[in-house]
Every structure is written in structure tokens, then in C-alpha cells.
1. Kindly list the number of the only condition in (1) buried (at least 20 other Cβ atoms within 10 Å of the Cβ); (2) within 22 Å of the chain's Cα centre (by Cα) that fails for Leu104.
2. When you scan the range 51-154 for helices (runs of 4 or more DSSP H) that lie fully inside it, which ones turn up with 3 or more residues that are of a type in the set (A, V, I, L, M, F, W, C) and more than 30 Å from Ser456 (Cα to Cα)?
3. Going by what's in this entry, would Asp49 be described as touching a residue at least 60 places away in the same chain (Cβ under 8 Å), surrounded by fewer than 17 Cβ atoms within 10 Å (Cβ to Cβ), within 25 Å of Thr435 (Cα to Cα) and charged (D, E, K, R)?
4. Sort out for me the strands (runs of 3 or more DSSP E) sitting completely within the range 355-427 that have 1 or more residues that are of a type in the set (S, T, N, Q).
5. What pairs can you find where one residue is in the range 209-226 and within 13 Å of Ala92 (Cβ to Cβ), the other is part of a strand (DSSP E or B) and among the β-branched types (Val, Ile, Thr), and their Cβ atoms are less than 6 Å apart, with a gap of 6+ or different chains?
6. With the requirement that a residue be more than 15 Å from Val423 (Cβ to Cβ) and in contact with a helix residue (DSSP H, G or I) (Cβ under 6 Å, 6 or more places away or on another chain), what does the range 43-77 give you?
7. Of the residues that make up the range 196-204, is at least one within 19 Å of Trp138 (Cβ to Cβ) and without any contact (Cβ under 8 Å) to a residue 40 or more places away in the chain?
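We did not get these values from a lab; they are worked out from the coordinates using the rules stated. Small disclaimer: the values here were computed from a predicted structure and weren't measured. Using ideal geometry, Cβ is built from the backbone for each residue, glycine included, and neighbour counts are taken over all protein chains shown.
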Amino acid sequence: MANMGQQQIVIIGAGIGGLVAAAELAASGAAVTVVEALPHVGGKLRTVDAGGVAIDAGPTVFTARWLFDALFDDLGERLDDHVTLVRSETLATHGWQDGSRLDLWADPARSRDAVAAFAGPAEARGWDGFQAEAARIWDALETRYMQAPVTTPWGLATRFGVAGLPQMLAINPFQTLWAALAKHFRDPRLHQLYGRYATYCGASPFQATATLMLIAHLEARGVWLVEGGMHKVAEALAKLAVARGATIRTGTRVTGIDVARGRVAGVVLEGGERLPADDIVANCDVTALADGRFGAAAAMAAPGVRPRDRSLSAMVTMLTAEAGGFALDRHNVFFSNDYAAEFRQIFGERRLPAAPSVYVCAQDRGTGPAPPGPERFQFIVNAPATGDQQQATTGEIEACQQATFHALSRCGLNLRVTAQTLVTPAMFETLFPSTGGALYGRASHGWRASFRRPGSRTRLPGLWLAGGSAHPGAGVPMAALSGRLASAAILAARASTRTFLPMAIAGGTSTRSAKTAVSA
């Protein structure tokens, strides 16, 4: 039970951002309760059963290890004591339907040699230029944007200062990624490969800003394999938070946010229980707030994302299968023959792609020889976030699945499937309401998109944001940063008052809505 005068904080959602905020705020001495509607921590970092086997069903790539090292270190712990990580020698394996293949490596020299052997010395020189530009963009934005509170274009310019304006303009915000890649690569396969990095934050390479090439630099700095699966990262963060005094309640749905005297007073749980709170961190998709799923006052706290501005959703298949014909690594990408048509169908026509590219995570590979017998796989095909609107028909879903396996076969991968489970955009909408199944919040289309993501602070005093739909963006590292930014903002606000805010009176003005939301 919280001490009288102890800051009481409720976090809606046990995704990565919420767990990071919980650990830091609990370590500061606050009484923290995390309320998660799903039966597990981690949000999108979850597993799904396929034929009795648990398979990672969310993010699969662990990067920016240094961010998590710093988090654990700040809390007096070592990341390696909580999660077993193995640095991968291979960043990813790429295949095309003409039979060509390119492996990219953690060793930059090895990757450059692979590009030269794959496409010739001129493309290797283009690769040098691309990598250098990606590194410059990352260095320009890492501390000024990603690790800093949200700002405006003018505010970002101020952070660069007059002397840094050339560096700011060099982040290339006004050109699309696809157009920018043309100055580095002539080989269409390399153009396609590096255009794919836009999809890491749910965008089309034909509409996303060229600034997103910084993702390639992030990945080039190292990819780690998590022993036991990516959900182990969430479990480690949850244990870290609990060890510092936080309480985590899974399988518990928040249905409303109470407001009293113009600021948050607590949350209402399904069934009517109320938890008082001096501050609330909403680690759900911001559109769930804007749609009124937590009440009318919270709906005015931050703008949501219009359906046309949503990021990608996906058709995600978890399966067990015996594989042959193509030497797989942990992370594999098999490309379609017409990338422009694929993204035109997804974002323009709002339908499943007729001939998709396919990401394949071979979850039992990467640390040794291929295991005998059936292996665990996750397949991801990009899809429109229309899970709450014009949902794909059974026939359309079956056609997309057939096209997926056909594409893999054309690239040389043969599979004998023993069990499979499919998650569609409509199912993602059920898990994460008000998203339409969008997995990355707002699509990063155009230079303004990044500045339209809300920051930690909302218009409703005491309500704060974390998660992939908030600043600095989607993906496990960015969600973790959002949690750190939210906790820092709360602690700064508390320090500025020099005293704790009065505890809100339970049973104050409730703004509960009839709608409910699953926290992410």
C-alpha cells in the first residue's frame, strides 16, 4: 500500500514503453501500478501457439542494445544478468525470385565485399556513400531528436543552432527514401533492399522521408539474438519494475480515466474498481484515447491518427515447418518482382498485395546449425491497416497466403508445414483497438509526419504518453525511449512543484466511456 504523500502513478499498458517507465518511476520512489488488458506483459512482444509450440508473434529484431544497457545500468543492474543476448554475425539474408541472394553482415567490410560480388564495384562504392549518409543522419538526430522531448521543426533547428544548420539540412527530410536511394544504387535489387527500411516504421519507401535511411545505420551497429525469444526482454523489464516496487496487473482492462479539478484523478477498471492516481501514463495507441475509449476528457488530451494516415498493418503467420532449398539465417527477406505495385495496392488501393514481399524469421536459426525436423517460423507480409473498415474477405486472405508461399517457392525456399496460425489486420484491431491493425502508429510519410507524433505531455494535466504511437516513434528501441522520456517528464514536473500533488479523491468526476480499449 502506498504511503500517504507517496506519488501514485498508474500506467495503462505493459508494452515496452510502459514497462520502462514503470521501472524508472518505481525506482524514484513512486507507487506504480501497471494495468494490462492482455494476459501477458510486453504488448506486441508476445507469443502465439502454433500446433502446441510457442512462437514469437511480434517484433523479432533486437537492436540499439546500448539503450537497454544504459537503462539497466541506471537502475543498478546489468542487462546480461537478466537477458541472454548473442550478437548475430548476419544482419539479414535477402532473396529474389530470379534466384539471386545477398547476405549482409555485422562486419561492414564483409558486407561491402558481398555487395561488390553481388552487383559489382560501382554498387559497392554506392554502398559506401549510402552507409556514410545513413550514419550522418543518425548522428545528427540521435540526441537532438530521438533522445530529446518532442519538438517543432523550429525547435529542432534551435537545437542544431546556426552553426549546425547545414547538418540539419543534410538529414534530407524533403526527399522520399526511394528517390534518395537512386543517387547511391543503380541495381534495382539494392534499391529495393534499402527501400525496405521504411517498413521498419510502417511506411512506404515511395512516400517516406529519406531521413529514414538512419534505420540502416542502427541495424549496421549490431543485431542481437535473444535467447528464448524477444518476449524475454519484456519479461526482464517487468521483473526489474517489480523488484523496485511496481505492481503489474495483467488480464485487467482500464475502461475510463477519472478527472477531478482539471487533472487526472485515477482510472476505472472493468467491473468498476477505481485506482487513484496523481499521474497516468497511457502506453496504448494514442488514437484509443482520441476515440473516447477512456472517456471524454482523455479524448481531448491528444490528437489521434486518421485512417488514411495510419502505418502498415500485416498478415502475420506463425508456423512450424520443415524447410529446405534455401539456406536460411534468423532474419530473411524475400522480395516481390514489383515493389511499386505492392505498395500502391497497400497504401493506394487499401488492399492486400497480390504479389507480396515476405519477411521470414527462422526462430531456431542464427546460433548454430539448422535443427532437425520442424522449425518455428514467423512470416510477415505488409498489409493495409483497414481492420476496422473494409476487412479482407476470406477469399482475399487465402489468395494472399497462397501468393506468400508461392513467392517463397519462387525464391527457392521449400516448406512442409506442420501447423500454422494467422493473425490479420482485423485481429490486430481487436488486440489494439482504434488502430485498424496499424502496428506503428502514424505512417512516416512526408517530413511533417515525425513532428505530428505527440510527445510525453498531453493537454490533460497528469496524463502522459508512451509507446510506439508517441514520440520518438515505433520499434522496440524507440518505444523504450518513449518510456524514458515519459518518466523523465513526470519526475521533472514533480520536482518543479517541490512537493507532491494532493492525492485525487477516489470517486471524483468520472469520464468513463462505454467503449473499452486493450492497452498495448
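1. In the conditions (1) buried (at least 20 other Cβ atoms within 10 Å of the Cβ); (2) within 22 Å of the chain's Cα centre (by Cα), Leu104 misses (2) alone.
2. Counting at least 3 such residues, we get 108-119, 121-141.
3. yes
4. 375-383, 414-423
5. Going by the 6 Å Cβ cut-off, the qualifying pairs are Leu225/Val86.
6. Correct list: Thr63, Ala64, Leu67, Phe68, Asp69, Phe72, Leu75.
7. yes
One line per residue, one yes/no per condition, for (1) within 19 Å of Ala403 (Cβ to Cβ); (2) over 22 Å from the mean Cα position of the chain (by Cα); (3) surrounded by fewer than 18 Cβ atoms within 10 Å (Cβ to Cβ):
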residue: Gly262; (1), (2), (3): no, yes, yes
residue: Leu275; (1), (2), (3): no, yes, no
residue: Ala301; (1), (2), (3): no, yes, no
residue: Thr317; (1), (2), (3): yes, no, no
residue: Ala327; (1), (2), (3): no, yes, yes
residue: Asn337; (1), (2), (3): yes, yes, yes
residue: Ala341; (1), (2), (3): yes, yes, yes
residue: Arg351; (1), (2), (3): yes, yes, yes
residue: Thr367; (1), (2), (3): no, yes, yes
